[in-house]
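Written below as structure tokens is the structure these notes are about.
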Amino acid sequence: MPKETFINLDPQKQARFLEVALEEFANSDFQTASITRIVKELGIAKGSVYQYFEDKLDLWLHLKSHCEQVKRSYIVSVRREDYPDFWTYYEAVYANGLHFDLENPRCSQFLYRVGFKESSPQVQPYLNSWKDQGTAMLSRWIAAEQANGTIRTDLPLPILAHFMFTMGLSVASLMHDIYGVDFDRNLAEGKPLFGLENEALQAAVRDLIQLLKAALKPQAL
């Protein structure tokens, strides 16, 4: 958690600090990310960082929490009641995830590293929390749709949530394997992870949702 010194910092200085720190941790794993490079870019004393955070791990955890909250704000801004069925709603949630990537490239890059590329032992205990959060959110959605009769009820809820979560992760593989999106190159060049492949991504998402819809529709008696 950030210390009071950081919380009371001028908002513009806070934002600049987060921008530089995110760039460093997005482009390096936890072990090789450098506080020295961060303070050099900011033009501040190295001790300032430790007036803001307890240590490097404390800073990393704050960045992770910050980016997850930003991404979650895009998801929860889509209201289920505004859509005629769950699957059009689900597609809109994905579309907002793309907006998150385009509008917050540093956060998107950082979360990509956390989810798919980070291997430093110091942060291993914290790497799966985003998966737990995503699966919990899907479980709530599925339970509500089961009550409405739009998703099958003959399989355990944890199995359905896990299936939807892992299928959702496969969008990245689709974009890489079929559409040639190079996430690592985009990451190195500071671009949004999906580049500007909006139409291709939306087409891949629609195809994936059609598969999910067919697999999870209520079973005929």
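Since every read-out is calculated from the coordinates, none of them should be taken as a lab result. What you are looking at is a predicted structure, and each value in this text was computed from that prediction instead of being measured. Heads up, the Cβs are rebuilt from the backbone with ideal geometry, glycines too, and the neighbour counts pull from every protein chain shown.
Taking amide hydrogens as placed 1.01 Å from N in the peptide plane, the amide H of Val181 sits under 5 Å from those of His176, each at least 5 positions away in sequence or on another chain. Using a cut-off of 29 Å between Cα atoms, the listed pairs Lys3/Lys131; Lys46/Lys131; Lys13/Lys64; Lys71/Lys117; Lys64/Lys213 include Lys46/Lys131; Lys64/Lys213 as exceeding that distance. By other beta-carbon atoms within 10 Å, ranking Thr153, Thr88 with the fewest at the front produces Thr88, Thr153.
Compute and list, largest first, the equivalent-ellipsoid semi-axes of the stretch 4-216 from the alpha carbon gyration tensor, each √(5λ) rounded to a whole angstrom.
Details: eigenvalues 240, 70, 50 Å².
So the equivalent ellipsoid measures 35, 19, 16 Å along its semi-axes.
With Cα atoms as the point set, the stretch 46-119 shows a radius of gyration and Dmax of 16.0, 54 Å.
Placing unit charges on the Cβ atoms only, positive for Lys and Arg and negative for Asp and Glu, gives the stretch 4-216 a dipole magnitude near 220 debye about its Cα centre. Here the stretch 94-221 is treated as a sphere whose radius is the Kirkwood value from Cα pairs; by Stokes-Einstein at 20 °C and 1.002 mPa s it diffuses with a coefficient of 133 µm²/s. The mean of 1/r over all distinct Cα pairs in the stretch 25-74, once inverted, gives the Kirkwood hydrodynamic radius of 11.8 Å. The mean sequence separation of alpha-carbon pairs under 8 Å and at least six residues apart, normalised by the residue count of the stretch 4-216, gives a relative contact order of 21 percent. Distance from the Cα centroid of the stretch 77-112 to that of the stretch 165-212 is 13 Å (rounded to whole angstrom).
List the equivalent ellipsoid semi-axes of the stretch 1-93 in whole Å, largest first, each obtained as the square root of 5λ for an eigenvalue λ of the Cα gyration tensor. Display every interim value, and only then the final one.
Working: eigenvalues 231, 42, 23 Å².
Gyration-tensor ellipsoid for the stretch 1-93: 34, 15, 11 Å.
How long is the gain from Gln146 to Ile159 if the chain were fully straight, where each residue apart is worth 0.36 nm and the alpha carbon distance is subtracted?
Working: separation 13, 0.36 × 13 = 4.68 nm, distance 1.37 nm.
Extra length from Gln146 to Ile159 when fully extended: 3.3 nm.
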